[in-house]
Amino acid sequence: MDSSNLPAPPGGTWPTLDPGWVWLVGAGPGDPGLMTLHGLNALRQADVIVYDALVEPAILDWARPDADRIYAGKRGGKPSAKQRDISLHLVELAQAGRRVLRLKGGDPFVFGRGGEEAQTLVQHGVPIRIVPGISAGIGGLAYAGIPVTHRDINQSVTFLTGHDQTGATPTSVNWAAVSEGAQVIVMYMAMKHLAGITAALIDAGRAPDEPVAIVTRATLPDQRVLETTLAHAVDDAAAAAVDPPAIVCVGRSVLMRQVLDWTGMMAGEPVRNPDPLGRGRPAEQA
Ligand SMILES: C[S@@+](CC[C@H](N)C(=O)[O-])C[C@H]1O[C@@H](n2cnc3c(N)ncnc32)[C@H](O)[C@@H]1O
C-alpha cells in the first residue's frame, strides 16, 4: 500500500512502512523544505514518530494527524542510559506492531547516534530502513553562503564533534594531525569547548587569523552567522551571545561568504567582495 499521497517516483512506487518496522529518517538541518521525499513518504505513513530536539516542529505537521508523536530530545553529554532507553523504546514500539518513524535532525548517521539505535534494532530482530538527511555541517553552511568544498580552497574536509560521550572535548581527536592535515574543519557541538578547541588548533600550528564562521540555527528564518578568526572566536561569540545549535567552520571557505551570502543578498545586502580569494580572474576561468 502506498499511503504517502506523493506523486509516484519515476519508474516505481514509494516504499511502504510496514507494521513492525522502524525507519530512521534524517529531517535535515531545519528548513522543512530540506527534508527528502523518502522522509516525507515516511511521515505520511508512520503511526508513531519518535523525534529529536533539533527536528523543526513544522515538519511534524506533515505527519498523519492520528500519529503518536513522542519527544526523545536529549542534550549532548548526558548519561548513556537515556540513549539505551530510547533505543529499547523503539524496539518495543516495533514489536508492538507499530509503524515507527525515528526522526532525527540532519542526517541520522552524522553525529546523531543513528548507528547505535539502528544496531540495537537489528540486534533485536527489528527490520530497519535508513533515510539519509542533509547534515547541518553541509546544508547549514550552504545557507550561510559557505561551500564546504571549493576547488581553489580544499580537496578535503574534516568533520568533528566538539564533545564526546561524556561531554568532554574528544580525546580521540588528534589535534596536531587535524591542524596539519585538515584543509577545512567543520565542527558540530563545538560551542561548549570552543576555547579549548581553538587553543588546541592554534597550539598545533593553525594560524590565529584563520577565518572562522559560527552559524547558529542554520537554514531557519533566525539563522545567524558570526564571522571571526581562530584567535577571536571565543570572545566574539560571547560578545554576540551566540547560542547553540551552532556549526563552526574553520578555513578559507569562510571567505567565500563575501560573495556567496545569498540569504543576505535576498535581504538586499550588497555583495561584499566578488573575488574574495583574490584570483584576479572570473570564477569560470580555471
Ligand atoms: C547531535 S548533533 C546532530 C547532527 C545531525 N545529525 C546532522 O547531521 O546535522 C547536533 C549538532 O548539530 C549541529 N546542528 C544541527 N542542526 C543545526 C542547525 N540548524 N544550525 C546549526 N547547527 C546545527 C549543532 O552543532 C548541534 O549541536
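Every read-out reported here was derived from the displayed coordinates using simple, explicitly stated rules and does not represent laboratory data. Every value quoted in this text rests on a predicted model; they were computed, and no experiment measured them. Positions of Cβ are backbone-derived with ideal geometry, glycine not excepted, and every protein chain shown enters the neighbour counts.
Listed values for segment 45-60 are Karplus-derived 3J(HN,Hα) couplings in whole Hz (6.51 cos²θ - 1.76 cosθ + 1.60, θ = phi - 60°), namely 10, 4, 9, 9, 10, 9, 10, 8, 4, 8, 7, 5, x, 4, 5, 5, and x replaces Gly and Pro.
Could you tell me what % of all Cα pairs in segment 5-147 have separations over 23 Å?
Details: 3118 of 10153 pairs.
So the pairs more than 23 Å apart make up 31 percent of the total in segment 5-147.
Pairwise alpha-carbon distances in the chain exceed 36 Å for 23% of all pairs. The peptide list 243-256, 83-96, 148-161, 272-285, put in order of mean Cβ contacts within 10 Å with the highest first, becomes 243-256, 83-96, 148-161, 272-285.
Note down, for segment 77-128, the three equivalent ellipsoid semi-axes (square root of 5 times each alpha carbon gyration tensor eigenvalue), biggest first, whole angstrom.
With the √(5λ) rule applied to segment 77-128, the semi-axes are 18, 13, 10 Å.
Kirkwood hydrodynamic radius of segment 204-286, from the reciprocal of the average inverse Cα-Cα distance over all distinct pairs: 14.0 Å.
How far is helix 114-123 tilted off the main Cα axis of the chain, in degrees rounded to 10, range 0 to 90? Relative to the chain, helix 114-123 is tipped by roughly 30 degrees.
Ellipsoid fit via the Cα gyration tensor, segment 137-266: semi-axes of 21, 17, 13 Å, each the root of five times an eigenvalue, largest first. When segment 22-133 is described by a simple charge dipole with +1 on each Lys and Arg Cβ and -1 on each Asp and Glu Cβ, the residue from G30, P57, Q95 located farthest towards its positive end is Q95. Diffusion coefficient (Stokes-Einstein, Kirkwood radius over C-alpha pairs, 4 °C, 1.567 mPa s) for segment 83-186: 80 µm²/s, rounded to a whole number.
What angle do you read, to the nearest 10 degrees and between 0 and 90, between the alpha-carbon axis of helix 194-203 and the longest principal axis of the chain? On a 0 to 90 degree scale, this one is about 50. Here segment 1-48 is described by how far its Cα atoms reach on the three principal axes: 29, 27, 13 Å, from widest to narrowest.
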